[in-house]
1. Mind checking which residues of region 455-469 are open to solvent by 100 Å² or more (accessible area, probe 1.4 Å) and either modelled with pLDDT under 85 or at positive phi (or both)?
2. List every residue pair whose Cβ atoms sit under 6 Å apart, with the two residues 6 or more apart in sequence or on different chains, where the first one lies in region 13-34 and is under 19 Å from V446 (Cβ atoms) and the second, anywhere, is of a type in the set (A, V, I, L, M).
3. In region 270-290, which residue that is open to solvent by 40 Å² or more (accessible area, probe 1.4 Å) and of a type in the set (S, T, N, Q) is nearest to R74 (Cα to Cα)?
4. Among the residues of region 7-35, count how many are open to solvent by 90 Å² or more (accessible area, probe 1.4 Å) and part of a helix (DSSP H, G or I).
5. Kindly provide the set of residues from region 154-178 that are surrounded by fewer than 17 Cβ atoms within 10 Å (Cβ to Cβ) and part of a helix (DSSP H, G or I), ordered by number.
6. For the subset of region 430-449 comprising residues that are open to solvent by 60 Å² or more (accessible area, probe 1.4 Å) and under 27 Å from P411 (Cβ atoms), which member is nearest to the chain's Cα centre (by Cα)?
Amino acid sequence: MEPLSLAFRERAARALHDPVLATAMQRLERGWQAARARAAADLPEFEALRDAAVAIKDHVLANLDLYLEEFERRFTAAGGVIHWARDAAEARAIILDICRRAKARTVTKSKSMVAEEIGLNAYLEAQGLRVIETDLGEYIIQLAGDVPSHLVGPAVHMTRERIAELFAKAHGGPPKQDSAALVAEARQVLRQRYLEADVGITGANFLIAETGSIVTVTNEGNAELTQGLPKVHIALTGIEKIVPTVAEAFVFLRLLARSATGQEFSAYTTFLTGPKREDERDGPQEMHLVLLDNGRSRMLGGPFREMLRCIRCGACMNHCPVYLAAGGHAYGWVYVGPMGSVLTPHFVGIDKSWPLPNASTFCGRCEEVCPVRIPLPKLMRLWREEAHKRGLAPPAARVGLTLWAFFARRPALYRLATRLAMAALGALGRRRGRFSRLPFASGWTVSREFPAPQGPTFTAQWRAARGAKG
Ligand code: SF4
């Protein structure tokens, strides 16, 4: 997918005038935010689990090579085949080759953000394969020719009426207005597709080094049908998804659904260890795992390493005021919200995505709710610095920051300048008490008035208050 992140501002401005999106985002805010808060409050050890998850991830990242080797040994011993992919092109080529060798015509697929990252569907379709998404949200956006707008709820931006229209067009018959009827219709259509598929592609939420198992987590059971019915199963995931043991996988499983949707556990959590054995009735004859690097090793060795702790729960976007106003499509690439603002520059380059780390108020809510305590504001700030160093931001922002830095390094001068500026603005705005236009502040005054300042500066008030406390 060609990144459109440079147009974040224009895309967000359009989204702000979309009443359907606003309703969807309000629903998400009221629903998943409250559900996460309840789930966290109901589990006394929730904070301790978060600490444990951070410790496990940090340990794994410090020893990633050893755990990957251990995983490979066990996975291979269980009958699976590992494929290492350096980048998106390699991963796509490996998957196509497996499909060709299986003489596949139809491929079913469960939700995988890594597949979005490498543009897998478009590639396989261009090679003549029929790809069917089996996650309900992904199926809906596939019918619409759309892209996901949320990690967990890819079609969160769509109304029931729009989905009914899409289904009527794709499946025939009159549009159904009832959600249960729409789900039943999708289920009926997809059952047939599972049976037709030659290859099933899934993601993997976790890889367990001690057993060589891959773990899939869904609420619909579609990963199980995608993996279990065709003769060939391909799992695709990033190299950072390793956890050392089954017990440690449960630390993350207990956090994942609670942080994402407020459920105690997702409806389907499946541990897969190798393909079908001789004495088993179900399962694929071949099981492949494509382990993708695509810049992750570079991240591991640099200041963004903490981002590799991400378990793709979506809590950061569910609590981000910018995401909740602009929606996922404004971000212009696969990963959205605060985690997307950190990841996208890695995958597409900061020169093609510099507005994203700026799409944050730095309120800190993303870090507050992240189950693995990723310091997202700090990481976005690092990208802002990088963009500034490379001169990517508009000239006005660069000049403004340079000026501010000049004064901030000279506290006495800073205090004098802010006192003078406040006095001047106070005098100019005394009559009306506010400004409806101000030079260099049109971004503020375009939608609200700027109050004329009165009294001492914030720094002066702060110093006075601290002085009063002794
Ligand atoms: S950054 Fe944290 S909150 Fe956001 S998706 Fe990743 S794990 Fe979840």
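The values are calculated or read from the model by the stated rules, or taken from the named source; none is laboratory data. Note that the coordinates shown come from a computational prediction; the quantities given were computed from them, not determined experimentally. Virtual Cβ from ideal backbone geometry, glycine too; neighbours counted across all protein chains shown. The protein model used for the area step is the full one, side chains on, heavy atoms only, and it has no ligands, DNA or RNA in it. Shrake-Rupley method; radii C 1.70, N 1.55, O 1.52, S 1.80 Å.
1. Correct list: K469 only.
2. Final answer for the pair search is A15/L21; A15/A326; A15/A330.
3. At the first step, the residues of region 270-290 found to be open to solvent by 40 Å² or more (accessible area, probe 1.4 Å) are 271, 273, 276-282, 285-286.
Keeping just the survivors that are of a type in the set (S, T, N, Q) gives 273, 285.
Working: T273: 9, Q285: 18 Å.
Ranking the candidates gives T273 first.
4. Filtering region 7-35 for residues open to solvent by 90 Å² or more (accessible area, probe 1.4 Å) gives 9-10, 14, 16-17, 19, 26-27, 30.
Remaining after also requiring part of a helix (DSSP H, G or I): 9-10, 14, 16, 19, 26-27, 30.
Number satisfying all stated conditions: 8.
5. Answer for region 154-178, where residues must be surrounded by fewer than 17 Cβ atoms within 10 Å (Cβ to Cβ) and part of a helix (DSSP H, G or I): R160, E161, R162, E165, A168, K169, A170, H171.
6. As a first pass, look at region 430-449 and keep what is open to solvent by 60 Å² or more (accessible area, probe 1.4 Å): 430-432, 434, 437, 439-440, 442, 444, 446-449.
This time we only want the ones that are under 27 Å from P411 (Cβ atoms), so: 439-440, 444.
Details: P439: 37, F440: 34, W444: 29 Å.
Among residues in region 430-449 that are open to solvent by 60 Å² or more (accessible area, probe 1.4 Å) and under 27 Å from P411 (Cβ atoms), the one nearest to the chain's Cα centre (by Cα) is W444.
Rundown of residues vs (1) open to solvent by 40 Å² or more (accessible area, probe 1.4 Å); (2) away from the ligand (no atom under 16 Å from the Cβ); (3) in a loop (DSSP other than H, G, I, E, B), yes/no style:
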{"residue": "V114", "(1), (2), (3)": "no, no, no"}
{"residue": "Y123", "(1), (2), (3)": "yes, yes, no"}
{"residue": "G128", "(1), (2), (3)": "yes, yes, yes"}
{"residue": "I132", "(1), (2), (3)": "no, yes, no"}
{"residue": "I140", "(1), (2), (3)": "no, yes, no"}
{"residue": "V147", "(1), (2), (3)": "yes, yes, yes"}
{"residue": "V152", "(1), (2), (3)": "yes, no, yes"}
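Okay, residues lined up against (1) open to solvent by less than 20 Å² (accessible area, probe 1.4 Å); (2) touching a Cys at 6+ places or on another chain (Cβ under 8 Å):
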| site | (1), (2) |
| --- | --- |
| V336 | yes, no |
| S360 | no, yes |
| T402 | no, no |
| A412 | no, no |
